[in-house]
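Only one structure is covered here, and it is reproduced in the block below.
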Amino acid sequence: MLETIREKISEADMVLLGIGEELQINTEDILKKSSVYQAFADEIETFKEEERNFLKNSLYVFEAEKRSQGLFMEKLEIYNRLHRLIGDKNYFAVTVCKDDVIYFSDFDSERIVSPCGTRRQIKCQNGCQREFFETEEIFKRLNHRLLQIYENGGACSEIRQEIPKCRECGAYMEMNFAGTTDYSEKSYEKSWKRYMLWLQGTLNRKICILELGAGFAYPTVIRWPFEKVAMLNQKACFVRVNKKLPQIAKEIKEKSFSVKMDSNDFITEI
């Protein structure tokens, strides 16, 4: 079956990727192997929850950018293998993963949409502002300061005052993830528009829809919409890879492949 799927991808004009929960990395596992985090772990646990969460997210990004941890590099290689699999195809990727690994990979960030949020944006935890702010420079500054404290043997408490707060109400800022107070959908508005335009161009084109490990945490983002795309396009080939939920809707069964397999293993083996 894997060889047949590879051929279908090769024959396609366009590839739609759905990155589901099976590909989500456990960020706590990354922090456990972070020497900087472990040096401050006990102290950080005494901080307010908002401070603790912000520092953990910042240090996760620090470790990701270093690309030195085996666990992270293994996941990154899975994404890069997937990128090599689709080659120079006209693609778009929809992801519900909030670990941002795909943004560190060979995939073009202009061809990715993250409707459930990423660590690339923060917002007020009280939702008093319907806007979001980019984290790149904030994390860079915070992580640089943390590294200085670590190397000089200082106390992590020095960093607390540098954790950003809302300029309107003074509350702590938090990651702009789906499920948080007043999640700002503006954060993915531009990329969603690009995705919608891309989808319009798939009509009457050979498209391979590759859904990888998407469960029912966010079925309206990947599972159901992807089935609809397959149903409307006569030239579509639909591949659902899922260790526990590989079932295919009967309406598209004839043009589909159901692969009961962990998505990480599927990408590695295909």
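The values are calculated or read from the model by the stated rules, or taken from the named source; none is laboratory data. Model, not experiment: these values are computed from the prediction. FYI the Cβ positions are ideal-geometry reconstructions off the backbone, even for glycines, and counts take in every protein chain you see. Protein only, heavy atoms only, side chains kept; ligands, DNA and RNA dropped before computing areas. Shrake-Rupley method; radii C 1.70, N 1.55, O 1.52, S 1.80 Å.
With the cut-off at 1.5 for a/c, could you classify region 135-181 from its C-alpha gyration tensor as rounded, prolate or oblate?
prolate
As a test, work out the antiparallel percent of DSSP beta bridges whose residues both lie in region 1-152, rounded to the nearest 5.
20 percent
Could you pull the Rg and Dmax for region 199-270, using just the Cα atoms, both in Å?
For region 199-270, the Cα-based Rg and Dmax read 11.9, 32 Å.
Leaving out ligands, DNA and RNA, what percent of the accessible area of the chain is carbon and sulfur, probe 1.4 Å?
After summing per-atom areas, the C and S share lands at 46 percent.
For the chain, what is the percent of antiparallel DSSP beta bridges, rounded to the nearest 5?
Here the share of antiparallel DSSP bridges comes out near 25 percent.
Per residue of the chain, what 222 nm ellipticity follows from adding -39500 (n - 2.57) for every DSSP H run with n ≥ 4, rounded to the nearest 500?
About -12500 deg cm²/dmol.
Find how much the distance from Arg205 to Glu49 grows on full extension, using 0.36 nm per residue of separation minus their present alpha carbon separation; answer in nm with one decimal.
Details: separation 156, 0.36 × 156 = 56.16 nm, distance 4.94 nm.
Full extension of this stretch gives 51.2 nm more.
Quick one: grab the alpha carbon gyration tensor of region 175-218, order the square roots of its eigenvalues as a ≥ b ≥ c, and give me rounded if a/c is under 1.5, else prolate or oblate depending on whether a/b is larger than b/c.
Oblate, because a/c is 1.5 or more while a/b does not exceed b/c.
Given the convex hull of the Cα atoms of region 1-133, what is a quarter of its surface area in nm²?
That works out to 9.8 nm².
Greater than 25 Å separation of Cα atoms is the criterion. Which listed pairs, Lys75/Lys250; Lys165/Lys193; Lys48/Lys123; Lys33/Lys186; Lys98/Lys244, meet it?
Over 25 Å Cα-Cα: Lys75/Lys250; Lys165/Lys193; Lys33/Lys186.
Using a Förster radius of 51 Å, what is the FRET efficiency between Glu251 and Glu162 based on their Cβ-Cβ separation? Nearest 0.05, please.
0.40
So which GluC sites (Glu not before Pro) in region 39-145 end up in coil per DSSP with only 13 or fewer other C-beta atoms within 10 Å?
In loop regions of region 39-145 (DSSP not H, G, I, E or B), the sparsely surrounded GluC sites (Glu not before Pro) are Glu45, Glu131.
Using 1/(1 + (r/R0)^6) with R0 = 41 angstrom and r between the beta carbons of Glu7 and Cys169, what's the FRET efficiency to the nearest 0.05?
Working: r = 56 Å, r/R0 = 1.37.
For R0 = 41 Å, the calculated efficiency reads 0.15.
Using a basic spin-label model with each label point 7 Å from the Cα along Cα→Cβ, how many nm lie between Lys260 and Asp182?
Result for the modelled spin labels: 4.7 nm.
Heavy-atom accessible area per residue, the chain, 1.4 Å probe: how many Å²?
For the chain, the per-residue accessible area is 49 Å².
Roughly what percent of Cα-Cα pairs across the chain reach past 32 Å?
Result: 30 percent of Cα pairs exceed 32 Å.
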